[in-house]
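Asks: I'd like to ask you about the structure that follows.
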Amino acid sequence: MSINLDQALQTFIVEAHELLQVMEQSLLQLENEPADQDAIGAIFRAAHTIKGSAGLFGLNPVVSFTHIVEDVLDRLRDGSVAVDTALIAVLLKSGDHMLELINVVASRGETLQPAALEREAALREALSTYQAPHSTPDTGVQNTETGAGDTSAEVLWHISLRFGVDVFRNGMDPLSFLRYLETLGQITQVTTLTDTIPVLDSWDPESCYLGFEIDLRSTASHATLNEVFDFVRDDCEVRIEAVDETSHKAVSIGSELVAQAEQGPLTASAQRLPATSEPKNRDGNYVRVNADKLDELINLVGELVIASAGASLLARSCQNDPLQEATSTVSGLVEEILDGALHLRMIPIGDTFNRFRRVVRDISQELGKDIELTISGAETELDKTVVEKIGDPLMHLLRNAMDHGIESADARRAAGKAGKGHLSLNAYHDSGSIVIEIADDGNGLNRERILEKAQERGLVASGAVLSDQEIYNLIFEPGFSTAEAVTNLSGRGVGMDVVKRNITLLRGTVDLDSRPGQGTVVRIRLPLTLAIINGFLVGIDKSTYVIPLDMVQECIELDEHQRQSSCDKGYLDLRGEVLPLVDLRNHFSHEGSAGRRQNVVVVRYAEHKAGLVVDDLLGEFQTVIKPLGKLFGALRGISGSTILGSGAVALILDIPALLNQIVQLEARTTQAPYSPTVVAR
Amino acid sequence: MGAVMTTRHTAVAVDEDAQYLTFMLGGEMFAIGILGIKEIIEYGSLTVVPMMPAFVRGVINLRGAVVPVVDLSARFGRANSAITRRSCVIIIEASTEEGQAQDIGLLVDTVSAVQEIAAAQIEPPPSFGARIRSDFINGMAKVDGKFVIVLDVDKVLSIDEMSSIAEAGQAPALDIDPR
């Protein structure tokens with residue numbers, strides 16, 4: 001039982017986080033469109049649901065604070081309070097405080113720190129000005145009077161409660177309802193009904209056969225009592241009646257409600273508060289799955305892909321046609337399963353983006369700048385693991401853009417621009433990877449200052465000639481910061497290099513483009529998934545390498561004659577275009593001489609294009625990435641490994657790193673004039 | 001490969017002795033504690049990883065996991081081991097400084113036996129003369145009248161050290177690359 005309750009608590013915490021997120025979004029929307037009734041409704045529902053669930057778990061600090069918030073929201077909903085910036089600010093802070101309460105009280109089971117309690121007191125104070133004049137500011141759980149139908153006098157309620165058989169299975173504890181009722185008033189009598197308990201033989205220990213007849217003396221209204229059972233309404237029967245104490249005759253106050261409850265509890269709850277049923281319907285289309293389970297599944301599917309490739313390989317060598325046909329059907333299905341499994345883990349990046357609206361709002365206020373955030377491409381999907389890890393780097397980049405990029409309103413007007421700064425977040429798919437752009441219309445980067453600073457720090461030799469691009473990318477070097485004043489937000493020179501490192505860890509790249517006076521664009525390029533890639537197999541000597549398929553442009557055969565000429569020059573004439581060649585056999589120091597026939601695989605990454613000279617082309621292969629481990633951490637040009645159908649291990653080429661490495665290598669050998677053999681490639 | 005291993009019991013105090021796997025490498029006998037050993041497999045199809053130091057022989061597929069194989073002889077600064085019919089890979093669970101476990105294969109010439117060696121029988125390592133870095137040696141054990149070098153597996157297979165050697169090996173290689 002306690003395990004079930006723990007699970008339910010976990011679900012509550014997850015849901016509460018989501019609801020608070022929704023609340024924050026809606027509040028921000030409300031700030032822009034103060035008349036948006038949907039947003040007000042969404043905020044109210046969020047607070048209401050959190051309060052209700054928190055009450056179920058006996059989390060009194062959460063309930064008592066959320067109740068005040070809900071009170072204010074209720075007045076907002078019926079129009080007694082108008083939306084203004086101050087109210088939004090208070091509500092946003094209240095949302096933060098509720099998050100803290102849930103984290104501290106629900107997740108860790110602790111009580112708040114004194115500092116947090118002080119904050120809470122201040123918030124209660126601020127909220128109380130928006131509350132209805134008759135209600136006291138510190139409305140504890142005892143007198144939870146909400147909405148209409150308040151009965152301030154104490155009434156004796158009679159509650160008939162019949163739990164459904166599935167109550168335990170749904171993670172509910174009947175006892176917790178009784179405990180919660182106790183917080184609303186005084187339970188004078190409880191009769192436990194055991195007449196539905198079957199004979200021992202047919203007793204299912206996981207089923208609930210209990211019913212209660214409860215007499216409760218409370219000031220709470222009928223609606224408040226009714227709300228207590230929101231969570232079990234679907235599978236239990238509840239009747240709440242006021243008892244006329246003089247005649248001891250039950251008088252049905254909310255007869256309408258009870259009648260509905262008799263018809264069917266589901267419709268009753270739907271009519272009572274149409275708003276709350278909406279998220280329930282939506283949840284019906286989703287299944288909450290533990291991410292670990294999903295990862296496990298995807299790992300297994302990965303193994304399945306390898307195993308099925310092995311089976312196909314064997315079948316082909318058997319010369320047995322029906323067997324080959326069967327294995328190819330299996331492979332086709334396995335591929336579909338793989339696609340499906342991977343798709344399970346894809347989530348739109350929009351949620352991550354939307355979280356930044358609040359950040360932008362808060363920071364722009366802190367900096368005294370007027371900044372608007374535009375989001376596009378929010379529906380672009382990418383792997384959950386990538387989404388989780390990209391949040392921090394994006395946050396850094398946004399802060400940087402707001403702090404250093406966008407100027408103050410006065411400076412902007414002086415430069416002939418609109419006073420309001422614009423910041424945009426955009427995501428889109430491009431050649432097998434996802435690109436996230438953070439653009440601002442600020443001052444742009446100061447090329448000279450960066451160069452000066454880089455020389456001062458010894459990052460660049462004085463007199464070196466660098467392209468603009470190279471200079472801009474220097475800001476991603478460790479310990480680099482050009483901000484003259486260290487502000488609260490940025491300027492410490494940690495951050496940009498961390499951003500770059502985090503992105504590199506995700507097998508992504510980051511680069512930066514800037515125009516003086518017009519703004520800066522930071523482009524992050526990330527792989528769609530970390531688990532599986534479509535690869536193109538090539539053979540060198542006896543080894544097999546995998547090139548990510550989305551980087552392969554075309555393959556060209558290289559005959560003896562072409563090889564001689566192109567090897568001398570180090571590049572190839574590809575339909576009038578110069579294509580630099582990389583001889584992988586040499587680069588990877590494979591022994592033995594090349595075969596008579598060689599092939600060139602043309603790869604492209606971002607703006608780089610190159611031809612990789614290999615021995616054999618072995619075709620496409622869907623591969624599960626197996627990390628090589630820390631021992632190979634320093635290895636550049638190889639990002640991981642995979643297991644082929646034959647059971648052999650193949651290495652996956654990291655094309656961006658490989659090309660970068662070769663560019664650096666070339667730069668060093670050509671820059672040093674005394675180098676003995678510069679162009680033997 | 002289990003047939004290669006034979007267990008012998010010697011009558012010594014239980015709390016002081018530990019079991020060791022002995023193996024041959026370049027005509028010398030070595031021993032490692034068996035606690036970290038997961039299994040011993042035949043040397044089989046191995047994929048060479050380019051641009052790594054000589055002692056990283058490559059990677060193998062161990063039932064779906066990719067495991068690096070370290071050539072012990074090359075790790076001692078000698079020539080790479082020659083592969084024979086009796087070459088074996090000892091799979092050992094090594095850990096990084098952060099405490100993450102990683103399996104590593106150790107390529108040796110032949111494995112001999114699992115033996116119990118009493119702590120009293122192990123002498124401290126000589127400061128020189130073993131022709132191996134002295135921090136690799138845990139001690140010298142006397143087994144059947146011959147000295148056996150007991151290795152400190154954590155040092156020999158220190159992932160942090162080996163990866164920093166690999167890192168150092170990459171940078172200068174670029175400078176002097178003659179191609």
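Asks: Near the amide H of residue B:39, under 5 Å away, which other amide H atoms are found, from residues 5 or more places off or on another chain, if H is placed in the peptide plane?
Replies: Under 5 Å from the amide H of residue B:39: B:91.
Asks: Could you put A:158, A:67, A:396 in order of accessible surface area, largest first, with the 1.4 Å probe and the full protein assembly present?
Replies: On the way: A:158 45, A:67 0, A:396 75 Å².
In descending accessible area the options line up as A:396, A:158, A:67.
Asks: Apply the Karplus parameterisation 6.51 cos²θ - 1.76 cosθ + 1.60, with θ equal to phi minus 60°, to every residue of the range B:131-143 and state each ³J(HN,Hα) to the nearest whole Hz, in sequence, with x for glycine and proline.
Replies: 6, 9, 3, 5, 6, 6, 9, 7, x, 10, 9, 9, 10
Asks: Give me, ordered by chain and number, the residues 5 or more places off residue A:541 or on other chains with an amide H under 5 Å from its own placed amide H.
Replies: HN-HN under 5 Å from residue A:541: A:615.
Asks: Could you give me the ³J(HN,Hα) list for the range A:315-324, computed from phi with Karplus coefficients 6.51, -1.76, 1.60 and θ = phi - 60°, whole Hz, x at Gly and Pro?
Replies: 4, 5, 7, 7, 6, 10, 4, x, 5, 4
Asks: Determine, at each q value in 0.11, 0.14 (inverse angstroms), the log₁₀ of I(q)/I(0) that the Debye formula gives when each Cα of the range A:564-652 is one equal point scatterer.
Replies: Rounded to two decimals, the profile gives -0.40, -0.65.
Asks: Please list the non-local residues whose amide H lies under 5 Å from the amide H of residue A:581, H modeled 1.01 Å from N, same-chain partners needing a gap of 5 or more.
Replies: Those lying under 5 Å, H to H, from residue A:581 are A:571, A:572, A:611.
Asks: Work out from phi, with θ = phi - 60° and the Karplus expression 6.51 cos²θ - 1.76 cosθ + 1.60, the ³J(HN,Hα) of each residue of the range A:661-667, listed in order in whole Hz, and give x for Gly and Pro.
Replies: Values, residue by residue: 4, 5, 4, 4, 4, 4, 4 Hz.
Asks: Within 10 Å of each Cβ of A:636-646, how many other protein chain Cβ atoms are there on average? Could you put the intermediate results ahead of the total?
Replies: On the way: counts 4, 3, 4, 0, 1, 6, 2, 7, 2, 0, 2.
The per-residue average across the peptide is 3.
Asks: Then there is this: In debye, nearest 20, what is the charge dipole magnitude of the range A:2-128 about its Cα centre with +1 on Lys and Arg Cβ and -1 on Asp and Glu Cβ, if you could check?
Replies: My answer is approximately 280 debye.
Asks: I'd like the accessible area for residue A:57, computed on protein heavy atoms only with a 1.4 Å probe and all protein chains in place. Round to 10 Å², please.
Replies: Accessible area of residue A:57: about 50 Å².
Asks: Could I ask something else about it? Could you give log10 I(q)/I(0) at q = 0.21, 0.22, 0.27 Å⁻¹ for the range A:291-345, computed by the Debye formula over C-alpha point scatterers of equal weight, without solvent?
Replies: So the normalised log intensities work out to -0.72, -0.76, -0.96.
Asks: Moving on. How much net charge surrounds residue A:191 when only other residues with a Cβ under 12 Å from its Cβ are counted (Lys, Arg +1; Asp, Glu -1)?
Replies: -3
Asks: Taking the Cα centre as origin and putting +1 on Lys and Arg beta-carbons and -1 on Asp and Glu beta-carbons, what dipole magnitude results for the range A:291-345, to the nearest 20 debye?
Replies: 80
Asks: Roughly how many Å² of residue A:448 are accessible to a 1.4 Å probe, to the nearest 10?
Replies: Rounded to the nearest 10, the figure is 110 Å².
Asks: Gap in Å between the Cα centre of the range A:524-580 and the Cα centre of the range A:160-195?
Replies: The distance from the Cα centre of the range A:160-195 to that of the range A:524-580 comes to 69 Å.
Asks: Tell me, what is the percent relative contact order of the range A:553-603, built from C-alpha pairs under 8 Å that lie six or more residues apart? Don't skip to the end; give the middle numbers.
Replies: Working: 43 pairs, mean separation 30.8, N = 51.
The normalised contact order for the range A:553-603 reaches 60 percent.
Asks: Using all alpha carbons of the range A:347-527, what is the percent of pairwise distances in each 10 Å bin, ordered from the shortest bin to the longest?
Replies: Spelled out per bin, shortest first, that is 9, 37, 37, 15, 1.
Asks: If you don't mind, another one. Which GluC sites (Glu not before Pro) from the range A:1-110 combine a DSSP loop assignment with at most 16 other Cβ atoms within 10 Å?
Replies: On the way: sites: A:15, A:18, A:24, A:31, A:70, A:100, A:110; in loops: A:110.
Loop-located and lightly packed - A:110.
Asks: Using unit Cβ charges (K, R positive; D, E negative) and no other charged atoms, how large, in debye to the nearest 20, is the dipole of the range B:58-113 about its Cα centre? Provide the component values of the computation, followed by the final result.
Replies: Details: 5 positive and 6 negative charges, 77 e Å.
Using only the charged Cβ atoms, the result is roughly 360 debye.
The values are calculated or read from the model by the stated rules, or taken from the named source; none is laboratory data. What you see is a predicted model; the values in this text were computed from it and never measured. So basically every Cβ, Gly included, is an ideal-geometry build from the backbone, and we count neighbours across all protein chains shown. All accessible areas refer to the heavy atoms of the entire protein, side chains included, with ligands and DNA or RNA removed. Shrake-Rupley method; radii C 1.70, N 1.55, O 1.52, S 1.80 Å.
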